[in-house]
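One structure is given here, and the rest of the page talks about it.
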Amino acid sequence: MTELESFAVELSREAARVALPFFRGAFAQEDKGVPGTFDPVTEADRAAEAAIRRLIATRYPDHGVIGEEYGEDRPDGEHVWVLDPIDGTRAFIAGLPLWTTLIALRQDGAPVIGAVGQPYLGEIFLGGPSGARLLKGDVEVPLKTRSCPNLDQALIATTDPEIFTGADRAAWDRLRASARLARLGCDGYAYAMVAAGSIDLVAESELQVWDWSAHKPLVEAAGGRFTDWSGQPPHEADGRVLAVGDARLTNQALPLLAAA
């Protein structure tokens, strides 16, 4: 494990230390959404990101940071940490252990390390130059995506079909109709399951850069492929992503998504 991979794990554990005591307890929350929508943020989100930022500033003061809760600091730097302290805040509020802490390191604009932590389960899924692995306590298990050559055999996922609007919703409906089984409501944990070989494909839209940056190096290090809906590397301006465990699924899924 490289120095920066180890630091990503350290950041994930620090976020867990701060956020976990709030889970299934009393905590302040507010709605930061526009009228007619619900976009919650809790004191756990903010406390966890603040703790991560303090560690980065202490250890690597020249690194930039992009975070969901506290914005950007030197986002054009050579090394930039991209943070979502609690991805799946709705699951967190509901007491469901499917929320994750997403930590990515972007180098020269591209994510190269991704840590997806689930503190309640004591799991950290790590992907980077040293490969992909699951860390649970003192145990490390290599991660590898599974073989699934055909979409009609695939188990696919998205957080909620309601995130899709217009042509994106029609695209998801086509994709779901072509797959064997779809699961909903997993947020970032679904991408970890792609890396672990339990889910074959995740498709989502309307994502921010902190929603997907940790997943790309994790899925790719485990042997999968991570693109936008046109088969190109994802980018901040679009927000549509496709993660597959078996690269052969990409060419079957993209035509179903292309009309969006």
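The values are calculated or read from the model by the stated rules, or taken from the named source; none is laboratory data. This structure is a prediction, so every number in the text was calculated from the model and none was measured. So basically every Cβ, Gly included, is an ideal-geometry build from the backbone, and we count neighbours across all protein chains shown.
Residues in region 175-185 that are exposed (fewer than 15 other Cβ atoms within 10 Å of the Cβ) and either touching a Gly at 6+ places or on another chain (Cβ under 8 Å) or charged (D, E, K, R) (or both): 180, 183.
The residues of region 145-169 that are among the aliphatic types (A, V, I, L, M), surrounded by 14 or more Cβ atoms within 10 Å (Cβ to Cβ) and part of a helix (DSSP H, G or I), listed by number, are 151, 163.
For the residues 203, 196, 177, 237, the requirement of being modelled with pLDDT under 95 and of a type in the set (A, V, I, L, M, F, W, C) singles out 237.
Restricting region 48-82 to residues that are under 19 Å from the mean Cα position of the chain (by Cα) and aromatic (Phe, Trp, Tyr) leaves a set whose member that is surrounded by the fewest Cβ atoms within 10 Å (Cβ to Cβ) is 70. Where strands (runs of 3 or more DSSP E) fall entirely within region 83-134, those with at least 1 residues that are hydroxyl-bearing (Ser, Thr, Tyr) and touching a helix residue (DSSP H, G or I) at 6+ places or on another chain (Cβ under 6 Å) are at 100-107.
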